[in-house]
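Laboratory data are not the source of any read-out in this text; all were calculated from the coordinates shown. Small disclaimer: the values here were computed from a predicted structure and weren't measured. Backbone-built Cβ (ideal geometry, glycine too); neighbour counts: all protein chains shown.
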2 protein chains.
Amino acid sequence: MKKITIGEASRKSGVKVPTIRYYESIGLLAEPNRSEGNQRSYEPADLRRLAFIRHARELGFEVEAIRALLTLQDDPHQSCASADAIAKTRLIEVEQRIRSLMALKAELELMVEGCGHGRVDQCRVIEVLADHGQCSHSHH
Amino acid sequence: MKKITIGEASRKSGVKVPTIRYYESIGLLAEPNRSEGNQRSYEPADLRRLAFIRHARELGFEVEAIRALLTLQDDPHQSCASADAIAKTRLIEVEQRIRSLMALKAELELMVEGCGHGRVDQCRVIEVLADHGQCSHSHH
DNA sequence: CCTACATCCTCTAGCGACTAGAGGTGCAAG
DNA sequence: CTTGCACCTCTAGTCGCTAGAGGATGTAGG
């Protein structure tokens with residue numbers, strides 16, 4: 001049993017040192033054992049948990065969603081309906097976000113194309129932003 | 001000259017009342033005249049400015065970018081190259097964001113499809129999150 | 001054994017862009 | 001004149017970290 005320092009845990013999991021301490025402080029990660037000199041000492045299971053958290057964060061899951069997923073993971077005998085629901089919700093969010101970003105992209109392209117590199121008073125970038133009526137009114 | 005209260009300005013611009021006061025506090029919006037009873041009194045130009053800000057925020061421009069755009073708008077004789085640059089930068093950001101969300105969507109779909117509605121220990125949602133190696137390693 | 005230096009510790013404060021709430025004042029209608 | 005909403009200021013909270021101060025520990029070389 002070699003002791004894993006927080007720095008090593010950070011390198012191996014890809015989660016920054018202060019972020020690991022932060023996750024501990026909000027209860028996402030259990031308090032690890034300490035060395036004689038009060039330094040955190042992690043175990044392989046902690047590394048897996050950190051990788052899980054990191055990956056879920058990269059996928060845009062909120063901390064509370066991750067907390068729920070971790071609770072499920074800790075008790076693998078229950079139905080995975082909740083995990084499924086969390087992922088589905090997130091999928092819908094992502095699809096919605098993609099749709100609005102595509103609309104946004106179209107609008108930005110119009111702006112940039114329309115900019116004749118002249119003076120501001122002829123610039124479509126400013127104009128489009130100023131005149132709300134010119135774009136799609138898709139306000140959630 | 002009818003006086004426009006902050007509530008009316010909010011309704012007409014779609015910017016919430018506390019947010020209008022916030023924009024004033026950070027200098028995006030000039031301090032308006034006050035009524036005898038110390039209440040803010042806006043003018044049509046303020047409504048246009050608020051609509052501009054709101055629209056730009058909806059398009060995901062950061063407040064500092066909006067500040068720059070507003071400065072340009074306030075002096076329309078200069079070249080619109082800066083406005084163009086700001087919009088182009090934003091366009092690239094948006095394109096990047098769309099790309100990563102598409103990758104994410106694919107991964108989430110895999111998860112949800114793979115979930116056989118059984119128990120957690122067979123659930124792909126949990127599994128995919130736990131095993132980092134199963135997904136694309138596109139970490140900026 | 002001593003020194004240098006990296007790494008660790010705790011704690012507090014800051015980021016962006018608001019949002020919520022407390023506690024008080026102004027104003028228009030009935 | 002009172003009710004009740006809209007307004008005022010101010011502070012603190014949100015989320016998910018990140019940065020920095022100021023000090024302790026651990027390790028490698030001399």
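Qualifying chymotrypsin sites (Phe, Trp or Tyr not before Pro) in segment B:14-70, where qualification requires a DSSP coil assignment and no more than 12 other C-beta atoms within 10 Å, are lacking entirely. Taking amide H as placed 1.01 Å from N in the peptide plane, B:ILE4 has its amide H under 5 Å from the amide H of B:TYR42, each at least 5 places away in sequence or on another chain. Our summary gives chain A a relative contact order of 14 percent, counting only alpha carbon pairs under 8 angstrom and 6 or more residues apart. Return the loop-located GluC sites (Glu not before Pro) in segment A:1-79 (DSSP other than H, G, I, E, B) with at most 14 other Cβ atoms within 10 Å of their own Cβ; answer none if there are none. Those satisfying the criteria are A:GLU36, A:GLU62.
Rounded to whole numbers, the Karplus 3J(HN,Hα) couplings from phi for segment A:24-33 are 4, 5, 9, x, 7, 10, 5, 5, x, 4 Hz, using 6.51 cos²θ - 1.76 cosθ + 1.60 with θ = phi - 60°, and x at Gly and Pro. Comparing B:ILE86, B:ILE98, B:ILE53 in a Gaussian network model of chain B, where Cα atoms under 10 Å apart are tied by springs, the biggest mean-square fluctuation is seen for B:ILE98. If you take the square roots of the eigenvalues of the alpha-carbon gyration tensor of the protein assembly as shown and sort them as a ≥ b ≥ c, do you get rounded (a/c under 1.5), prolate (a/b over b/c) or oblate? In terms of gyration-tensor shape, prolate. Straight Cα distances below 28 angstrom link A:LYS16 to the lysines A:LYS2, A:LYS3, B:LYS105, with same-chain residues fewer than 8 positions distant left out. What angle do you read, to the nearest 10 degrees and between 0 and 90, between the alpha-carbon axis of helix A:44-58 and the longest principal axis of chain A? Its long axis makes an angle of about 10 degrees. Computed about its Cα centre, the charge dipole of the protein assembly as shown is approximately 360 debye, with only Lys, Arg, Asp and Glu carrying charge at their Cβ. Would you work out which of B:CYS115, B:ALA81, B:LEU69 lies farthest towards the positive end of the dipole of chain B, given +1 charges on the beta-carbon of Lys and Arg and -1 on that of Asp and Glu, about the Cα centre? Sorting the options by dipole projection puts first B:LEU69.
Computed from point charges on the beta carbon alone (+1 for Lys and Arg, -1 for Asp and Glu), the dipole magnitude for segment B:1-66 about its Cα centre is near 280 Debye.
Between A:LEU110 and A:VAL63, the distance separating the two model label sites (each 7 Å from Cα on the Cα→Cβ line) works out to 3.9 nm. Using a ≥ b ≥ c from the Cα gyration tensor of segment B:1-130 (square roots of the eigenvalues), is it rounded, prolate or oblate, where a/c under 1.5 gives rounded and otherwise the larger of a/b and b/c decides, a/b for prolate? Note, shape of segment B:1-130 comes out oblate. Counting only Cβ charges, +1 for Lys and Arg and -1 for Asp and Glu, the dipole size of chain B around its Cα centre is about 640 debye.
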